[in-house]
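So the structure is just underneath, and the comments pick up after that.
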Amino acid sequence: MLAAMLLFWLPLFLVPIGVVIALSRKDGLRPIIGSIITCISGTMVMFSWLTVPESDSSAGGHLMLSIAGPTILMAAGCFLAIFSGKIPVQRLPNYAGPVGMFTILLGLMWLVMMHLNNPPIWRHQVNPYWLVWWPTFLLSVFLLSSFVIGAMLIAGENRTKEAGLMGFVSLLFFVGLLVVLQLDGELTDAEQMRTQLWLAIADLLGTTLGIVAAVLTVAFVVAQYEKRLPEPEMVAALDDAEKEQIKNIIEKNTGGSGE
């Protein structure tokens, strides 16, 4: 337990702290120190399946290491696609958009091939976190991209091109989801992934309902509290002395007549 705390949970706790320290200041030693903390802690978490193999939590670090490559590819692709569009800051070259979309496709294909031929193996079996994360990731990205498309078309102006790109991303992940649900992998079967998908839907639905319930509860409590507040007292009209004082202040600061 002590080894797991020092070699997995403590580094996992330090990763977001390092990110906050790195982003809290642009210049000086603080960004460097934060980046070092993040890199060292992240590396310790990803290699915890070697340093503390007896801990069940190390399966999470094993999954992070297994999906690091395709995740970085897709993140880089999203960066290229986003900053080559209509943004209020300096744009990337026009070819960055197609390169970004190809990079996203490459990262997704990498994950699909892992599912079919080489899923993450932990303790001589498929990593249990992979079975949960993989369908949840596909479903989440598909739903999020679909929501973004609707927001662009409804609230955006001249965003048809960007909506089309997001539609392409949504279609990619929908196809990936169909592959997972219909094709058996080398160590997993489609029936197992369909079961995991239903569990993922239940998790996402429960999380969404929980967030909505929390927001509605806070809004209800605030509304009830404001209803019980006493009505503010009416402010009396200005008398002649107060009007004269305001006139003098205006004349003093503007050099005008005050009328």
Residues of the range 71-89 being modelled with pLDDT under 80 and of a type in the set (A, V, I, L, M, F, W, C), in sequence order, are Ala81, Ile82, Phe83, Ile87, Val89
Residue set Ile121, Ile72; condition closer than 29 Å to Ser41 by Cα, of a type in the set (Val, Ile, Thr), surrounded by fewer than 15 Cβ atoms within 10 Å (Cβ to Cβ) and within 18 Å of the chain's Cα centre (by Cα); output residue Ile72
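Table: residues versus (1) assigned to a helix (DSSP H, G or I); (2) without any contact (Cβ under 8 Å) to a residue 40 or more places away in the chain; (3) loosely packed, with under 10 Cβ neighbours inside 10 Å.
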{"residue": "Ile149", "(1), (2), (3)": "yes, yes, no"}
{"residue": "Phe174", "(1), (2), (3)": "yes, yes, no"}
{"residue": "Val180", "(1), (2), (3)": "yes, no, no"}
{"residue": "Asp184", "(1), (2), (3)": "no, yes, no"}
{"residue": "Ala236", "(1), (2), (3)": "no, yes, yes"}
{"residue": "Glu242", "(1), (2), (3)": "yes, yes, no"}
Across the range 36-54, the tally of residues that are under 22 Å from the mean Cα position of the chain (by Cα), surrounded by 15 or more Cβ atoms within 10 Å (Cβ to Cβ) and closer than 12 Å to Leu14 by Cβ stands at 5
When Phe102 is run through (1) surrounded by fewer than 16 Cβ atoms within 10 Å (Cβ to Cβ); (2) touching a helix residue (DSSP H, G or I) at 6+ places or on another chain (Cβ under 8 Å); (3) modelled with pLDDT under 85, the failure sits at (3)
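The values are calculated or read from the model by the stated rules, or taken from the named source; none is laboratory data. Predicted, not measured: the structure shown is a model, and the values here were computed from it. Note: ideal-geometry Cβ built from the backbone for every residue, glycine included; neighbour counts use all protein chains shown.
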